[in-house]
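Contents: one structure, followed by commentary.
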């Protein structure tokens, strides 16, 4: 019988290498699914570089595959530290995964010759894969294995300080948070990933239920994130004006029926063209879509008959 994420804690400990590896594989699959999805406005996909000159689909896949050991190691750290019951254990785990994540960023930059492909994804998906592996307080409670529960555990980790992390990194997203007073990737994680569990996953489920193709459902989930996220990738490149255009454009596509409708697809192409003209790419939204696809993969594995 296949193991699921709802397996008892004791069994999880015995199966740590296999489960950690499978969780790492789920992360990489989600990253490649996000990169491949097309047409994504302003973003790299299998057909286009989007608004980027230094990225393409092949490089995104090379980066994702190079990060598989990192995500497997993060999952293993969660498995070895479970259950997440004491603050002291959680603090220790937080600092351990911070170090693993920084090593992963170095691995990414080595694989891409210095191009930032997945810095935000290492943060978001690193927290989520750790939280998925670390397990619930009560392993017998199926509610504790839902996307909301995993995201809540990831949020609890994100709210803990990492004494070994640099105070400031100088990254563009960090500067955008300071310049425009938004939470960015850190705020999203500390809040328990609301744009993943309350926006992207519900839209993915709604689109599937009404018969949209899987591609259209995933594009609609991405658009739903774009419609309200204060994406620091967009703010860093284009400022508030570009962010307003992105959000208004995403809302317009969804209002016209989303990516499954003819009118929606037409406006999706217009939005893509406009973002390329502005040289902005909603990378924060892309990271959160990958996070949603990851949690959805876990949910389907734990409950194969669930269609959401």
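The values are calculated or read from the model by the stated rules, or taken from the named source; none is laboratory data. These numbers were taken from a predicted model, which means no experiment stands behind them. Because the Cβ atoms are built from the backbone with ideal geometry, glycine has one as well, and the counts that use them run over all protein chains shown.
Annotations
- Residue match in region 60-76 (condition: in a loop (DSSP other than H, G, I, E, B), free of Cβ contacts under 8 Å to residues at least 40 places away in the same chain and closer than 22 Å to residue 276 by Cα): no
- Failed criterion for residue 12 (all others in (1) surrounded by 22 or more Cβ atoms within 10 Å (Cβ to Cβ); (2) modelled with pLDDT under 95; (3) not in a helix (DSSP H, G or I) hold): (3)
- The sole residue among 88, 113 that is without any contact (Cβ under 8 Å) to a residue 24 or more places away in the chain and outside any loop (DSSP other than H, G, I, E, B) is 88.
Matching residues to (1) at pLDDT 95 or above; (2) in contact with a strand residue (DSSP E or B) (Cβ under 6 Å, 6 or more places away or on another chain); (3) crowded, with 19+ Cβ neighbours inside 10 Å:
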| position | (1), (2), (3) |
| --- | --- |
| 3 | no, no, no |
| 57 | yes, no, no |
| 75 | yes, no, yes |
| 79 | no, no, yes |
| 83 | no, no, no |
| 86 | no, no, no |
| 89 | no, no, no |
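- Verdict on residue 285 being touching a helix residue (DSSP H, G or I) at 6+ places or on another chain (Cβ under 7 Å), closer than 23 Å to residue 29 by Cβ, surrounded by 23 or more Cβ atoms within 10 Å (Cβ to Cβ) and in contact (Cβ under 8 Å) with a residue 40 or more places away in the chain: yes
- Residues in region 207-231 that are assigned to a helix (DSSP H, G or I) and farther than 13 Å from residue 259 by Cβ: 209, 225.
- Residue count, region 178-192 (criterion: touching a helix residue (DSSP H, G or I) at 6+ places or on another chain (Cβ under 9 Å), outside any loop (DSSP other than H, G, I, E, B) and more than 19 Å from residue 102 (Cβ to Cβ)): 4
- Across region 116-139, the number of residues qualifying as surrounded by 19 or more Cβ atoms within 10 Å (Cβ to Cβ), assigned to a loop (DSSP other than H, G, I, E, B) and on the phi < 0 side of the Ramachandran plot comes to 4.
- Checking each residue in region 142-176 for being more than 18 Å from residue 101 (Cβ to Cβ) and either without any contact (Cβ under 8 Å) to a residue 60 or more places away in the chain or surrounded by fewer than 13 Cβ atoms within 10 Å (Cβ to Cβ) (or both) picks out 143, 144, 148, 149, 152.
- Residues of region 34-48 classified as surrounded by fewer than 24 Cβ atoms within 10 Å (Cβ to Cβ) and closer than 16 Å to residue 274 by Cβ, total: 2
- The one condition in (1) modelled with pLDDT of 95 or more; (2) buried (at least 23 other Cβ atoms within 10 Å of the Cβ) that residue 185 fails to fulfil: (1)
- In region 254-265, of all residues being over 22 Å from the mean Cα position of the chain (by Cα) and either at negative phi or in a helix (DSSP H, G or I) (or both), the one that is surrounded by the fewest Cβ atoms within 10 Å (Cβ to Cβ) corresponds to 262.
Residue-by-condition table, conditions (1) at pLDDT 95 or above; (2) in a helix (DSSP H, G or I); (3) touching a helix residue (DSSP H, G or I) at 6+ places or on another chain (Cβ under 7 Å):
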position: 245; (1), (2), (3): yes, yes, yes
position: 269; (1), (2), (3): yes, yes, no
position: 272; (1), (2), (3): yes, yes, no
position: 281; (1), (2), (3): yes, no, yes
position: 296; (1), (2), (3): yes, yes, yes
